[in-house]
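Report on one structure; see the data block that follows.
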Amino acid sequence: MLDFASRVVKRYTLVALLTLTTLYILQLVMRTSDRHVPSTSRTKTPDIVDEAAQKLGALDINHVPRTGKKASNVKVTKQVKKHYNKNKRIFRRAGKQDMKGFKATQTKVFEQRSFTNGTAKRMIFIGDIHGCSAEFAQLLEQVQYVAGEDQVVLVGDLVAKGPDSVGVVRKAREIGAWCVKGNHDDRVVRWREFLNGPAVGIAQSDLKSMESSDGLPYSDFEVGSKPHYDIARKLSPADYEFMAAFPAIIGLPDPFAEYVVAHGGIDPSKPILEQNPDDVMTMRNIGTNGPSSETEDGLGWFEVWAAKMKVLTLPSGGDFSAKGADYSVVRYNKVIYGHDAGRDLNIRDFTKGLDSRCVYGGKLTAFILPGEELVSVACKNYDGEESGTNDRRRRRRRHQHHYQENRNGNSAMRSEKPPHQRRLQERDSQATGRKVHPRKQQKSQSHTQGSSKDRRDQKKRQNHRQQRQEKPLPLAKY
């Protein structure tokens, strides 16, 4: 009897195990088929999802663009949100290799603008705004901007670092501003194109894991530590199309045809139409290897540009057919630009640098034609608040700005010593009439001279400067 019972138990146990195994295999097969949705079904996005995206106007279904408020404040039914969340998998179109190999659309090099209604009474050029929408509105009020009569031109970097980047973009759209693309604008546009393309529907946590493991398609793509990703998601479709159309260089119509507008600068060795957009958006100097974003490498590009323009002066009578001169370079001989906050406002004969460090507590500046009038408004210091990180290189440049030689050449040279060393030196000079304890005197001298690390760094800079002077710049091609 016991043997019969044991055989029955064994038989039913075996049948149960086989049944469970079969069910498990079927479940795995169904999951695999769900992940690999046929291409025909992927292209057929449910209308209800399109309706939700259209109402929210941004990639993130849970947030409203610009304000960042939750979608519960928008008139989107629960059914729409539920359906969208349920069908997120239909947007997962690309693998990690496809996302890693993503290449954004190249920025248009040059665009010649013209007035739609006659001509503008004034051209108002405004420096890097960096998301400072309140200061932007204040400056427009300060210059007494009149819609339909004045044309506003922005020199790039509308976004990042300040508190309201999307607000600046929408204000620029509202007033019909002409804009060139800055390096921060370019990063936001590339992010949005990436999110619209292979990364559509990918969660932020997945992008972070990609950044830490395989890496994202561009080295300047950072999730969380920089604001560009969040700004790209908050842009409405119209905002994105507006920014994506920014060219690297804008040519102005008559009677301002001698001016061009760029964000970083223009390579004096190339005609306007042959410029590299990446160089135009990032250059500050002309170094040993050409355009450079570092101010310690070579000469300022505006110095090389001025030297060339003094040779290629415009012929009398407005004839632009100078012998041996490139038409575009001679015709557009004055450049209005931004980007170089380390050198502050930099107004010269052939170049007008308008980045007056607005987001770092400086000023937001407007340059007005005709008349070359300058108008500025004071700005708050937003550095480090919205940027997501402290840019140590910019902080160092800003600190050096207070005690190094003034590169503008418009005022006397500043002291070679920083403020805290000058204060120590003045204190010691005032104390010459009284006794100072030897230890205190020694300590004061050590403070003035700096630490051993400071001295080593100073020696390295001197050696680097000497090597750079020994190696001549390739200015023959300019």
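For the range 151-267, place one equal point scatterer on every Cα, skip the solvent, and apply the Debye formula. What is log10 of I(q)/I(0) at q = 0.13, 0.21 Å⁻¹?
-0.54, -1.16
Return a whole-number percent for the relative contact order of the range 110-401, with Cα pairs under 8 Å and 6 or more residues apart as the contact set.
On the way: 577 pairs, mean separation 66.1, N = 292.
23 percent.
Tell me, rounded to the nearest percent, the portion of alpha carbon pairs in the range 110-401 spaced more than 33 Å apart. Working shown, then result.
Values: 9368 of 42486 pairs.
Counting pairs separated by more than 33 Å, the tail of P(r) holds 22 percent.
What FRET efficiency comes out for the pair L312/L26, r = Cβ-Cβ distance, R0 = 51 Å, nearest 0.05?
Working: r = 78 Å, r/R0 = 1.53.
Computed FRET efficiency for L312 and L26 comes out at 0.05.
For the pairs K100/K234; K181/K363; K181/K460, note any where the Cα-Cα span goes beyond 30 Å. Numbers along the way, then the final one.
Numbers: K100/K234 23 Å; K181/K363 21 Å; K181/K460 36 Å.
From the list (K100/K234; K181/K363; K181/K460), the Cα-Cα distance tops 30 Å for K181/K460.
Give me the extension gain from Q112 to D3: residue separation times 0.36 nm, minus the current Cα-Cα distance, reported in nm with one decimal.
Values: separation 109, 0.36 × 109 = 39.24 nm, distance 9.67 nm.
Contour length minus the Cα-Cα distance gives 29.6 nm.
Can you give the net charge of the other residues whose Cβ lies under 14 Å from the Cβ of L18, counting K and R as +1 and D and E as -1?
On the way: positive: K10, R11; negative: none.
Surrounding charge for L18 is +2.
Counting Lys and Arg as +1 and Asp and Glu as -1, each charge on the Cβ, what is the dipole of the range 110-401 about the Cα centre in debye, to the nearest 20? Let's see the in-between values first.
Numbers: 35 positive and 42 negative charges, 91 e Å.
So the dipole magnitude of the range 110-401 works out to roughly 440 debye.
Give the distance, in whole Å, between the Cα centre of the range 241-264 and the Cα centre of the range 149-223.
Each part reduced to its Cα centre gives a spacing of 19 Å.
Put a dot 7 Å past each Cα toward the Cβ at D457 and K10; how far apart are the dots in nm?
8.1 nm
Run the numbers for E141 and T19: contour at 0.36 nm per residue of separation, minus the present Cα-Cα distance, in nm. Walk me through the numbers on the way to the answer.
On the way: separation 122, 0.36 × 122 = 43.92 nm, distance 7.74 nm.
Extra length available between E141 and T19 comes to 36.2 nm.
For a Förster distance of 51 Å, can you work out the FRET efficiency between the beta-carbons of E174 and K96, rounded to the nearest 0.05? Intermediate results must be reported in sequence, preceding the final value.
Numbers: r = 40 Å, r/R0 = 0.78.
FRET efficiency, E174 to K96: 0.80.
Take D278 and A203, extend 7 Å from each Cα along the Cα→Cβ direction, and tell me the distance between the two endpoints in nm.
3.4 nm
All of the numbers you see were taken from the coordinates with simple rules; none came from a lab. All figures in this text were calculated on a predicted structure; none of them were measured in a lab. Quick reminder, even Gly has a Cβ in these numbers, built from the backbone with ideal geometry, and neighbours come from all protein chains shown.
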